[in-house]
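Working notes for the structure below.
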Amino acid sequence: MAASMSILSGALVIFQALWGGMPSSSGGLEQAWNDSFWVSGMTCQKPQWLKRPQPKSGSIYLASMSAECLVYPELGGDFEKLRAFSIEQLRSRSTIERGPVDVTFEGLPSKYLDVTVKISGKNATTIRQDVNLATDQHTKFVSSSLSRRIDGTGYGAYLKKVDTRVDVTKTEVKTEDRVVVTFYSEVEKPWYAPEGVFLSEIESRVPGEFAKLRDQVVGEMAKNY
């Protein structure tokens, strides 16, 4: 079912637009993956469903996925550098409506930004996000992006919510950090899409797409802090 994957692919493209990574050169985002594998600068576990694709209410469906990696920062693992890199990524890939503003997020000093991301094309989508980049400078870094409003055309009109989160924590190994990437999305099922096929396509193909974007996003982060 092309519709289900086009809708979820749009959500993952927004994830990529927010947190970086280079577009796939293969034209597709599918890949085979094992339980654990090494990508330049990191070792990652297979993505896990936190919430398998399922109905939320009416024609709205939700899904949530997470993946964990061990990364080897190339610039010493400085969380302030990671925050500065993240802000520059947002400046280059989106419109900052407000911020950075100093706030507290989950008990951590944070930089808050009100951000608008625009994806062009026949499935054009505009998404307004609340972004927090929080760190205690020594043990933890959190980047959290919560969607506030989504307007889209084509398949983009079916996107209702896209939230992303990256948690980075220090390990006992000085040159190694643990990264957990989490993705949550709510989409509207097109009226013409059979529910069984819609859910099956999402469940079978999204993990590979998510893994590819995780590698791009986390790999780019590792080079810049």
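Restricting attention to region 192-225, and to residues there that are aromatic (Phe, Trp, Tyr) and in a helix (DSSP H, G or I), which single residue is farthest from the chain's Cα centre (by Cα)?
The residue in question is 198.
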Scan of region 165-191 for residues that are outside any strand (DSSP E or B), of a type outside the set (D, E, K, R) and touching a residue at least 60 places away in the same chain (Cβ under 8 Å), ordered by number
171, 175, 190, 191
Which residue pairs have Cβ atoms closer than 8 Å, lie 6 or more positions apart in sequence or on different chains, and pair a first residue in region 198-214 that is closer than 11 Å to residue 46 by Cα with a second residue that is part of a helix (DSSP H, G or I)?
210/12
Number of the condition not met by residue 218 [criteria: (1) in contact with a helix residue (DSSP H, G or I) (Cβ under 8 Å, 6 or more places away or on another chain); (2) under 20 Å from residue 90 (Cα atoms)]:
(1)
If you scan region 100-156, which residues turn out to be closer than 19 Å to residue 181 by Cβ, small (Gly, Ala, Ser) and touching a Gly at 6+ places or on another chain (Cβ under 9 Å)?
134
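Considering only region 152-171, I want to know if a residue exists there that is hydroxyl-bearing (Ser, Thr, Tyr), touching a Pro at 6+ places or on another chain (Cβ under 9 Å) and within 21 Å of residue 84 (Cβ to Cβ).
No - not one qualifying residue is present in region 152-171.
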Per the filter on region 131-140, residues assigned to a strand (DSSP E or B) and either under 15 Å from the mean Cα position of the chain (by Cα) or more than 22 Å from residue 217 (Cβ to Cβ) (or both) are 131, 132, 133
Those residues of region 91-126 which are of a type in the set (A, V, I, L, M, F, W, C), at pLDDT below 90 and buried (at least 17 other Cβ atoms within 10 Å of the Cβ), in sequence order
117, 119
Residue 150 versus (1) surrounded by fewer than 19 Cβ atoms within 10 Å (Cβ to Cβ); (2) part of a strand (DSSP E or B); (3) β-branched (Val, Ile, Thr); (4) in contact (Cβ under 8 Å) with a residue 24 or more places away in the chain: which is the lone unmet condition?
(1)
Residues of region 172-211 being among the charged types (D, E, K, R), surrounded by 16 or more Cβ atoms within 10 Å (Cβ to Cβ) and more than 17 Å from residue 162 (Cβ to Cβ), in sequence order, are 177, 201, 205
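The values are calculated or read from the model by the stated rules, or taken from the named source; none is laboratory data. Note that the structure is a prediction, hence the values are computed from the model and not measured. Note: ideal-geometry Cβ built from the backbone for every residue, glycine included; neighbour counts use all protein chains shown.
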